[in-house]
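This report concerns only the one structure given below.
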Amino acid sequence: MKRRALLIGNSNGLGGVKIDIDNYIRFLKSDIGGKWYDSEITIEMNPSKSGLLTIIQQLKTEKNDFAFVVFSGHGAYTRNTILELNRIEETISELELKYISSRQISIFDCCRNVVPEQLKNKALLLDSFSRSLQNDSIREKYDARIMQALEQQVSLYACSIGESALDTEKGGLYNCSLLESVSPNYDMPYILVGDAHEIATEKTKNTAWVTELHRQNPTATIQKCISSLQLIISINPRRV
């Protein structure tokens, strides 16, 4: 199976973004994350719009079987989620990141406040993840389960339309909650992306309200197929 991860961060004023990206790198390279190789992970911190679009187009031409896409940083909403890339306020739409692969998980940890009408034109402008097994064995089982899933586009959002997403000293609140939810239950060989998001949603909502009196309600777009045909987000090396 050909796989590709694209991790994008805008750390302008957000100290947790780099932590988010580092956490996702460790997760992907861990057993439960699927034992990705460094060569399969592309990291873009504060990229230029033209440079990032070139990379996205290149990834789309590679015809990968599975893509794992993360954005952590500033964002807004106008018809769809808008992602701010750098200090000079270049933006792209979340739609630019869709269909990098026919099987794809996209995670957007950013604000989705609705942009006022007069500003729309401008807006458009786990260190210990488990004991290691043989890389090839983990990768083979991870690849097989990903390819078992239907072709689908999964999008996870750190907050609902009209809300803000919290950044903390440990990283984005939703990203931290999501990565805490991917450690597989001993009875299950895999964690479905929808299950992980559901756990992360409750933790994010509760933590945001209890610590900051802040309303943050993560949401997602997930295909309503049977579990065996859904995409997984992590693998349990002890059960596969």
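Just so it is clear, none of the values below were taken in a lab; they were calculated from the coordinates. Quick caveat, the model's predicted, so the values are computed rather than measured. Backbone-built Cβ (ideal geometry, glycine too); neighbour counts: all protein chains shown.
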In whole Hz and in residue order, list the ³J(HN,Hα) couplings for the stretch 218-224 that follow from phi through the Karplus curve 6.51 cos²θ - 1.76 cosθ + 1.60, θ = phi - 60°; x for Gly and Pro.
x, 9, 7, 10, 9, 5, 8
For residue 160, list long-range residues whose amide hydrogen, built 1.01 Å from N in the peptide plane, is under 5 Å from its own amide hydrogen.
217
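By counting other Cβ atoms within 10 Å of each Cβ, how are 17, 210, 114 ranked from fewest to most?
Working: 17 26, 210 9, 114 14.
In increasing order of surrounding Cβ atoms, one gets 210, 114, 17.
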If each residue's Cβ is checked for other Cβ atoms within 10 Å, how do 225, 159 rank with the fewest at the top?
225, 159
Can you put 140, 169 in order, fewest other beta carbons within 10 Å first?
169, 140
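With a ≥ b ≥ c the root eigenvalues of the C-alpha gyration tensor of the stretch 1-64, is it rounded (a/c under 1.5), prolate (a/b larger than b/c) or oblate? Show your work: numbers first, answer last.
Working: a/c = 3.61, a/b = 1.07, b/c = 3.38.
It comes out oblate by the Cα gyration axes.
If you take the Cα atoms of the chain, find Rg, then find the Kirkwood Rh from the mean of 1/r over all pairs, what is Rg/Rh?
For the chain, the value is 0.95.
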Using the Karplus curve 6.51 cos²θ - 1.76 cosθ + 1.60 with θ = phi - 60°, work out ³J(HN,Hα) for each residue of the stretch 48-64 in order, rounded to whole Hz, and write x for Gly and Pro.
6, 4, 5, x, 5, 4, 5, 5, 4, 4, 4, 5, 5, 7, 6, 6, 6
If amide hydrogens are placed 1.01 Å from N in the peptide plane, which non-local residues have theirs closer than 5 Å to the one on residue 45?
9
For the stretch 140-153, Karplus-derived ³J(HN,Hα) couplings (6.51, -1.76, 1.60; θ = phi - 60°; whole Hz; x for glycine and proline) come out as 4, 6, 5, 4, 4, 6, 4, 6, 5, 6, 5, 5, 7, 10
Roughly what would the spin-label model give for residue 219 and residue 57, points 7 Å off Cα along C-beta, in nm?
3.2 nm
